[in-house]
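A.B. asks: One structure is given below, represented as C-alpha cells, and several questions about it will come after.
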Amino acid sequence: MSDEPLLKVKNLTKYYGARLGCADVNFELYPGEVLAIVGESGSGKTTLLSTLSANLEPTSGEALYRMRDESWRNIYELSEAERRFLTRTDWGFVHQNPADGLRMTVSAGANVGERLMAVGDRHYGRIRDTALDWLGRVEIAADRIDDQPRSFSGGMRQRLQIARNLVTGPRLVFMDEPTGGLDVSVQARLLDLLRQLVGELGLSAIVVTHDLAVARLLSHRMMVMKGGHVIEAGLTDRVLDDPREPYTQLLVSSILQV
Ligand SMILES: Nc1ncnc2c1ncn2[C@@H]1O[C@H](COP(=O)(O)OP(=O)(O)OP(=O)(O)O)[C@@H](O)[C@H]1O
Ligand SMILES: [Mg+2]
C-alpha cells in the first residue's frame with residue numbers, strides 16, 4: 001500500500017431536511033485498501049456511500065480525492081463534467097441490484113465494451129477482445145457474449161456488473177451490498193472472486209454491507225455506524241474479534257447466533 005491516501009474525508013454530514021442521514025464522518029482511504037461500512041438498517045450506510053460517490057451533496061464537510069495527476073480535489077467542488085469523467089474513468093459503482101448498474105437490453109459484451117468506449121476506445125476488435133477477456137475473468141462463458149443480461153441468473157448479472165465496472169481500471173470502487181440478493185452458495189463464490197480481483201488489481205474499495213462475514217472476507221478496515229454516526233472504526237480483525245463498543249459487541253454476537 002502506498003503511503004499517501006487516495007481519499008480524505010473530513011466531517012462529512014448529510015441531513016435530509018431535519019432528518020439526519022450521517023454526521024461527522026472522518027476517515028482516510030489508502031490505495032489498495034478495502035473499507036467496509038456496517039451497521040443496522042437505517043444507520044446511514046447508503047447515505048454515506050451515496051455522498052462519498054458524489055451521488056448526493058453533503059450538508060457540510062468535504063471529501064478530498066487524489067486525482068491521477070496527483071492534485072487534491074474536493075469532489076463536491078468539481079464541475080459536472082469533471083465529476084462525470086471521474087465516475088466513468090477512475091471510479092466504479094457496483095449496485096446491490098445488478099439491473100441498476102447494467103443495461104438489461106444490450107448484450108453482455110456491449111455492457112462491458114460501452115465503458116471502454118466511454119473512456120475513448122474506438123477500436124471494435126480490441127474492445128471485443130477486452131470484453132471477452134473480462135467475461136472470462138468473472139467466469140461468464142465466452143459464448144454468452146451476445147446474450148442480454150436479462151437472460152442471465154442473478155449471480156451472472158452481478159459478475160457482469162463487476163466486469164463492467166472494473167474493465168476501465170478504476171482506482172476506487174464503491175459497492176452497496178454487492179452480494180445482497182444472492183443465495184448463500186452463489187454469495188460465497190462471488191465474494192471469493194471479488195476478493196481475488198480487488199487484490200490482483202490493487203483497487204481501493206468502499207463496501208457497504210450488513211453482513212459481517214462479507215466485511216471479514218473483503219475488508220482491511222471497517223467502520224460501524226449507528227444512528228448516522230460512526231461509533232467504532234479499526235482494522236477488521238480487531239473490530240470483529242475484540243469489539244470495544246457495546247453496540248458492536250451486540251452486533252458481533254447476534255450475528256454469531258444466526
Ligand atoms: N431520500 C431520503 N429522504 C429522507 N430521509 C432519508 C432518505 N434516505 C435515507 N433517509 C433517512 O436517513 C437515515 C439513514 O438511511 P440510510 O438509507 O442511509 O440507511 P442504511 O444504513 O443504508 O439502511 P439499510 O441497511 O436499511 O439500507 C434513515 O433515517 C432514513 O430514513
Ligand atoms: Mg442502505
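The values are calculated or read from the model by the stated rules, or taken from the named source; none is laboratory data. Given the structure is predicted, the values throughout are model-derived calculations rather than measurements. Reconstructed Cβ throughout: ideal geometry from the backbone, glycine too, with neighbour counts over all protein chains shown. These area figures cover heavy atoms from the full protein model, side chains too; ligands, DNA and RNA do not enter into them. Shrake-Rupley method; radii C 1.70, N 1.55, O 1.52, S 1.80 Å.
A.B. asks: Quick one: accessible surface of TRP134, probe radius 1.4 Å, all protein chains present, in square angstrom to the nearest 10.
C.D. replies: Its accessible surface works out to 20 Å², give or take rounding.
A.B. asks: Please tell me the relative contact order of the chain in percent, rounded to the nearest whole number, where contacts are Cα pairs under 8 Å and at least six residues apart.
C.D. replies: 26 percent
A.B. asks: Using all alpha carbons of region 1-149, what is the percent of pairwise distances in each 5 Å bin, ordered from the shortest bin to the longest?
C.D. replies: Taking every Cα pair in region 1-149, the percentages come to 2, 8, 14, 17, 16, 14, 13, 9, 4, 1, 0.
A.B. asks: Any aspartates and glutamates with Cα under 12 Å of the LYS10 Cα? List them, leaving off those in the same chain fewer than 8 positions away.
C.D. replies: Result set, ordered by chain and number: ASP24, GLU28, GLU62.
A.B. asks: Of GLN187, LEU172, GLY154, which is farthest along the charge dipole of region 154-196 in the positive direction, counting Lys and Arg as +1 and Asp and Glu as -1 at C-beta?
C.D. replies: About the Cα centre, the residue reaching furthest to the positive side is LEU172.
A.B. asks: Apply the Karplus curve 6.51 cos²θ - 1.76 cosθ + 1.60, θ = phi - 60°, to the phi angles in region 56-67 and return the couplings in whole Hz, x for Gly and Pro.
C.D. replies: Whole-Hz 3J(HN,Hα) from phi for region 56-67: 10, 7, x, 6, 7, x, 9, 10, 8, 10, 7, 6.
A.B. asks: With a bin width of 5 angstrom, please list the P(r) values of region 102-155 as percents of all Cα-Cα pairs, from the 0 bin to the one holding the largest distance.
C.D. replies: 5, 22, 32, 25, 12, 3, 0
A.B. asks: Note the direction-averaged projected area, equal to a quarter of the hull surface, for the Cα convex hull of region 140-258, in nm².
C.D. replies: Numbers: hull surface 34.6 nm².
That works out to 8.7 nm², a quarter of the Cα hull's surface.
A.B. asks: Over the Cα atoms of the chain, what Rg and Dmax result, in angstrom?
C.D. replies: Rg, Dmax (Cα atoms, Å): 18.3, 57.
A.B. asks: Gap in Å between the Cα centre of region 224-244 and the Cα centre of region 69-138?
C.D. replies: 32 Å
A.B. asks: Something else: Length gain on complete extension for the stretch ARG88 to VAL106, per 0.36 nm per residue less the alpha carbon to alpha carbon distance?
C.D. replies: Working: separation 18, 0.36 × 18 = 6.48 nm, distance 1.87 nm.
Contour length minus Cα-Cα distance gives 4.6 nm.
A.B. asks: Let me ask another. Cα centroid distance between region 7-28 and region 150-204, in Å?
C.D. replies: Comparing the Cα centres of region 7-28 and region 150-204, I get a distance of 27 Å.
A.B. asks: Separate question: With every protein chain left in place, what is the accessible area per residue of the chain in square angstrom, probe 1.4 Å?
C.D. replies: Solvent-accessible surface per residue comes out at 47 Å².
A.B. asks: Still on this model: Can you tell me the length gained on complete extension of the stretch TYR16 to HIS229, counting 0.36 nm per residue apart and subtracting the Cα distance? Walk me through the numbers on the way to the answer.
C.D. replies: Numbers: separation 213, 0.36 × 213 = 76.68 nm, distance 1.49 nm.
Going from the current span to full extension adds 75.2 nm.
A.B. asks: Nearest 20 debye, what's the magnitude of the dipole of region 100-148 about its Cα centre given +1 on Lys and Arg Cβ and -1 on Asp and Glu Cβ? Before the final figure, lay out the partial values.
C.D. replies: Values: 7 positive and 9 negative charges, 38 e Å.
Dipole about the Cα centre, nearest 20: 180 debye.
A.B. asks: So between ASP129 and SER151, what do we pick up on full extension, going 0.36 nm a residue minus the alpha carbon distance? Working shown, then result.
C.D. replies: Values: separation 22, 0.36 × 22 = 7.92 nm, distance 2.20 nm.
Once the chain is fully extended between ASP129 and SER151, it gains 5.7 nm.
A.B. asks: Counting pairs of Cα atoms in region 77-206, how many percent are more than 21 Å apart? Spell out each step's value before the answer.
C.D. replies: Details: 3072 of 8385 pairs.
So the portion of pairs separated by more than 21 Å is 37 percent.
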